[in-house]
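Report on the structure given below.
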Amino acid sequence: SICSGNNYIFGANTLNTAGTYKDTIRKVNTGADSIRRTLTLTVNPKTFNSINQTICQGQSFLFNGINRSVSGAYLDTLLNSKGCDSILTLNLTVNPNSTHSISQTVCQGQSFLFNGINRTVSGTYLDTLVNAKGCDSFWTLNVVVNLPTSNTINQTICQGTSFLFNGINRT
């Protein structure tokens with residue numbers, strides 16, 4: 001038996017195809033047949049397998065003794081059950097994490113729902129969810145709470161005139 005891609009020398013022939021072959025070895029100086037040999041040659045195939053693996057950014061996958069963390073095709077050669085090459089291909093896909101930012105302004109007394117909590121104080125809030133690719137989705141919320149303002153308007157008017165304030169004529 002040989003592996004696909006290898007040769008076997010039989011008599012004066014170099015063989016690489018499965019089959020039955022005959023060879024005769026003649027006695028020296030007599031010319032008579034002395035030995036007849038028959039070879040049954042088996043050619044075992046190489047095997048090819050692949051692994052499709054998906055990981056998230058920041059993770060790794062151990063292949064051929066190395067932690068892989070970049071998308072690509074990686075090869076390893078092992079031996080199959082017939083002692084021939086077994087080519088193993090890792091097709092690695094690294095999906096990205098996603099980052100999102102929200103800025104929200106509310107008035108004092110109002111709130112903004114984020115991460116299951118009503119936010120009523122100015123600040124930065126973080127949450128980590130899962131994106132459509134199954135990886136981390138980092139969310140940042142920046143809340144600004146505006147304080148109420150009050151103004152005083154001093155207006156002097158003459159008797160018989162009016163002053164329009166907040167949609168109402170004041171006399």
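The values are calculated or read from the model by the stated rules, or taken from the named source; none is laboratory data. The structure presented is a predicted model; accordingly, all values stated were derived computationally and were not measured. Here the Cβ is made from the backbone with ideal geometry for all residues, glycine too, and neighbour counts use every protein chain on show. Side chains included, ligands, DNA and RNA excluded: accessible areas come from the protein's heavy atoms. Shrake-Rupley method; radii C 1.70, N 1.55, O 1.52, S 1.80 Å.
Yes/no matrix, rows are residues, columns are (1) of a type outside the set (F, W, Y); (2) within 23 Å of the chain's Cα centre (by Cα); (3) open to solvent by 50 Å² or more (accessible area, probe 1.4 Å):
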{"position": "N16", "(1), (2), (3)": "yes, no, yes"}
{"position": "G19", "(1), (2), (3)": "yes, no, no"}
{"position": "G65", "(1), (2), (3)": "yes, yes, yes"}
{"position": "V70", "(1), (2), (3)": "yes, yes, yes"}
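Candidates in the range 139-171 are the residues that are aliphatic (A, V, I, L, M) and exposed (fewer than 10 other Cβ atoms within 10 Å of the Cβ); of these, the one that is modelled with the highest pLDDT is L147. Taking the listed residues D76, D127, the one that is under 30 Å from P45 (Cα atoms), surrounded by 14 or more Cβ atoms within 10 Å (Cβ to Cβ) and out of contact with any Cys (no Cβ under 8 Å at 6 or more places or on another chain) is D76, with no other qualifying.
For the range 103-124, which positions are part of a strand (DSSP E or B), open to solvent by 90 Å² or more (accessible area, probe 1.4 Å) and farther than 30 Å from G58 by Cα? Within the range 103-124, N118 is the sole residue that qualifies. Considering every residue within the range 28-36, establish whether at least one is polar (S, T, N, Q) and open to solvent by 90 Å² or more (accessible area, probe 1.4 Å). Yes.
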